[in-house]
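Before any comments, here is the structure.
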Amino acid sequence: MAVDSIHAMRSARRRTVALPNTPAACVLRNPRPPYAWLDEEGLEQIHAASLDILENIGIDFLDDEALAIWQAAGARADHAARHVWIDRGLLLECIASAPPSFTWRARNPLHDVFIGENAIAFGPNGGMVFTHDLEFGRRPGVMADFEAFLKLSQMTPALHFASWEQVTMHDVPVSERHLRRPLPCPRAQPELPGWGLRLPGGPGEPAQGPPLLQAAARPFPYTQGPGMT
């Protein structure tokens, strides 16, 4: 029998099986104090160096709205160079306004996740290039594989959330991948916090707490050139 036929039969059989009512992952607490890899002097040196970089070297912001927000807050912004220098006083004020903990809201309140203090939240890994299964073996990931991993994460009671790019979608242009990640979640019927939850202002908006979190990373190597001294 052809591989495609076997795959179609298995897919049809899976669609007729009722999914279990996945229990909520329990709240885990770490009773141990954080590891003290550095003494207070070492931590202060790293903190001071970080403030110096942001204040005197600056950082790129490639979004016009972000540049305008920083400028309105009092930072020095160069819109042409898309670069911002953040005064350490302003930065520390912003950090002080962040809450020490919050509740990450899910569509199902039973799956809300507490973030902060000594709470531990487990989630899947992210950024994998390849995927592997018994039917098709090892291969570059595509959108369908990403959807499958999301569904598996939703069905696993040991995970508290089901976000991140669990496998790279090579059939989606790089410039669109961050926009496509939320799309498969309605088909996966998500209950855990993560990609694809209703955005604030829409139907079913959670009463309190963020429904969606994003991990941001600067995809460019450190460079120093004109206007960055």
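The values are calculated or read from the model by the stated rules, or taken from the named source; none is laboratory data. Keep in mind that this is a model prediction, so the values were computed, not measured. Heads up, the Cβs are rebuilt from the backbone with ideal geometry, glycines too, and the neighbour counts pull from every protein chain shown.
State whether the residues of segment 88-107 include one that is modelled with pLDDT of 90 or more, outside the structural domain of GLU165 (by TED's automatic domain parsing), in contact with a Gly (Cβ under 6 Å, 6 or more places away or on another chain) and more than 29 Å from GLN166 (Cα to Cα). The answer is yes, given that some residue of segment 88-107 is modelled with pLDDT of 90 or more, outside the structural domain of GLU165 (by TED's automatic domain parsing), in contact with a Gly (Cβ under 6 Å, 6 or more places away or on another chain) and more than 29 Å from GLN166 (Cα to Cα).
Checked against the criterion of being of a type in the set (Asp, Glu), outside any loop (DSSP other than H, G, I, E, B) and in contact with a helix residue (DSSP H, G or I) (Cβ under 7 Å, 6 or more places away or on another chain), segment 140-153 contains one or more residues that satisfy it. Each residue in segment 1-41 was checked for being outside any loop (DSSP other than H, G, I, E, B) and either modelled with pLDDT under 75 or within 25 Å of LYS151 (Cβ to Cβ) (or both), and 14 of them qualify.
Just one of the numbered conditions (1) surrounded by 17 or more Cβ atoms within 10 Å (Cβ to Cβ); (2) on the phi < 0 side of the Ramachandran plot is not true of GLY58: (2).
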